[in-house]
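Nothing in this text is a laboratory measurement; each read-out follows from the coordinates by a stated rule. Just so we're clear, the structure is a prediction, and the values are computed from it rather than from any experiment. Note that we place each Cβ from the backbone using ideal geometry, even for glycine, and neighbour counts take in every protein chain shown.
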Amino acid sequence: MNTFPPRRASLMLAVFSCVCQSAQAGFVEDGKASLELRNFYFDRDFHGDAATQSRRGEWAQGFMLKWQSGYSDGVLGLGLDAVGMLGIKLDSSPERSGTGLLPRGSDKRAVDDYGKAVATLKARLAQSELRVGGLSPQLPLLASNYSRLFPQWFNGAQWVSKDLDNVTLTLLQVDATKLRDSTDFEDLTAMAQQGAYSATVTSDRLYYAGADYQPLKNLTLSLHSSQLEDLFRRDFVGFKYKLGLGPGEVFTEWRWFNAREQGRALLGEVDNRTLSTHFGYSLAGHTFSGGYQKIDGDTAYAYVGGTDTYLFSEQQVSTFALANERAWMLRYDYNFAALGVPGLTFNVRYVKGDQVDPQRIATTKGRALAARGGEGEEWERTTDITYVVQSGLFRNVSLRWRNASMRSNFADAADENRVIVGYVFEF
């Protein structure tokens, strides 16, 4: 049997001990853990003779346990993040499934419970961080969706650097996604957008590069680009500015997107340019804002399947991002802390869309509209009220009610309610 010489063994043991102590100092002692509880009720009623499902309604409880380590000591710090998730069915039926809260089988029955986990290795050097494994990015061209029990996850690598003054650089590569109600990683797809694109054509790679520059504290300029291999390329230019004006603050943000087919163009034609704007004024708890959005080109707004659009028009039911669509947006927010009720917030939004080209809309109403040469129109009103308990036994428990009504001449109308109760234990 081979053994180490006593002196060498002692030296290796001493080095290992020092490494462990160093790692523990940063890796463990700077780490933090949390358990997020999310109780979610979702109900959406569809109205229309052509509706294939008149209602989607489910109730579920989610548990998400997170561990975020610190970094080991040294010039190159190493760490590990891990997330475990458990979803439990509280109410569902085959006639009402498909809300995105719970996975379901071919018989449309939701599972009683499901679990999933992701882990992320991380390394830090100066002001740069590399993360490899499970990612949940919030980027203009890849915004992970967290509108149900759990976030959407991606598998890949992400590098973010802030080594240059006032500049944030981002490089990203992902090869699979785990959707919010799925336990498995799947190939990447495009969002169907009412049949404008095929949701069954897949890609096994997305490349991403972005730069955000902040020349002034209240001004941010952005330039991002991504390629969903063999499907489409997208570019993004952003402008964000705010300024004190009188007793309040005025702000504006402009987002411009350009998409076109890429590589083997397996998705077919992609020809889209979208301008999405937001502007407003905040004063003493009140925020009044609005915006204008225009879709140009032959096809609808293109984005990765399952993600958020990163458009100001996106609502609970509709995204207002179909071919040639024009949208006007109004919004009002109020923070009741201004009236001495901290933790209570409210907003109401209204979006009106028109000039929709129905030629690529696959719904029954959309095809009928195209046959008679009409233009698509839609509107949606959404209200959102949230309260976070400020003291007592239930301190930091959040209660949220979201209500929406959508009407359209090319898709089934819908009324929706979401009730979300949440709490985060930190330890």
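Backbone phi angles across the range 333-347, fed through the Karplus curve with coefficients 6.51, -1.76 and 1.60 (θ = phi - 60°), yield HN-Hα couplings of 10, 9, 9, 6, 4, 5, 9, x, 10, x, x, 9, 10, 8, 8 Hz in residue order; Gly and Pro are listed as x.
In loop segments of the range 230-312 as defined by DSSP, the GluC sites (Glu not before Pro) with at most 16 further C-beta atoms inside 10 Å of their C-beta are GLU269. With K and R counted +1 and D and E -1, the other residues having a Cβ less than 10 Å from that of ASP184 yield a net charge of +1. Diagonalising the gyration tensor over the Cα atoms of the range 341-400 and scaling each eigenvalue by 5 before taking the square root yields semi-axes of 44, 12, 6 Å, largest first. Enter the Cα centre distance for the pair the range 371-427 and the range 126-160, rounded to the nearest angstrom. Between the Cα centres of the range 371-427 and the range 126-160 lies a distance of 24 Å. Counting only Cβ charges, +1 for Lys and Arg and -1 for Asp and Glu, the dipole size of the chain around its Cα centre is about 560 debye. Dividing the summed helix terms, -39500 (n - 2.57) for each DSSP H run of n ≥ 4, by the number of residues in the chain produces a 222 nm estimate of -2000 deg cm²/dmol to the nearest 500. Among the trypsin sites (Lys or Arg not before Pro) found in the range 92-145, those both in a DSSP coil and sparsely packed, with 16 or fewer other Cβ atoms within 10 Å of their Cβ, are LYS108, ARG109. Classified by the C-alpha gyration tensor, the range 60-213 has an oblate form. Its axis ratio a/c, with a ≥ b ≥ c, is 1.5 or above, and a/b does not exceed b/c. What is the spin-label model distance, in nm, from GLU95 to VAL421 if the labels are put 7 Å beyond Cα along the C-beta direction? Each label point lies 7 Å from its Cα, and together they span 2.7 nm.
Across the range 136-234, Cα-Cα distances exceeding 17 Å account for 57% of all pairs.
Strictly greater than 36 Å: what percent of every Cα pair in the chain meets that? The proportion of pairs with Cα distances above 36 Å equals 33 percent. With θ taken as phi - 60° and the Karplus curve 6.51 cos²θ - 1.76 cosθ + 1.60 applied, the whole-hertz 3J(HN,Hα) list for the range 55-63 is 7, 10, x, 8, 9, 8, 10, x, 10 Hz, x standing for glycine and proline.
Per-residue 3J(HN,Hα) values for the range 360-365, derived from phi via the Karplus relation 6.51 cos²θ - 1.76 cosθ + 1.60 with θ = phi - 60°, read 10, 9, 8, 6, 4, 5 Hz in sequence order (x marks Gly and Pro). Taking the radius of gyration and the Kirkwood hydrodynamic radius from Cα positions alone, what is the Rg/Rh ratio for the range 82-154, to two decimal places? On the Cα set of the range 82-154, Rg over Rh gives 1.11. Normalised by the number of residues in the chain, the average gap of Cα pairs under 8 Å and 6 or more apart makes the relative contact order 12 percent. Based on every Cα atom in the range 198-348, Rg and the maximum pairwise Cα distance Dmax equal 18.1, 59 Å.
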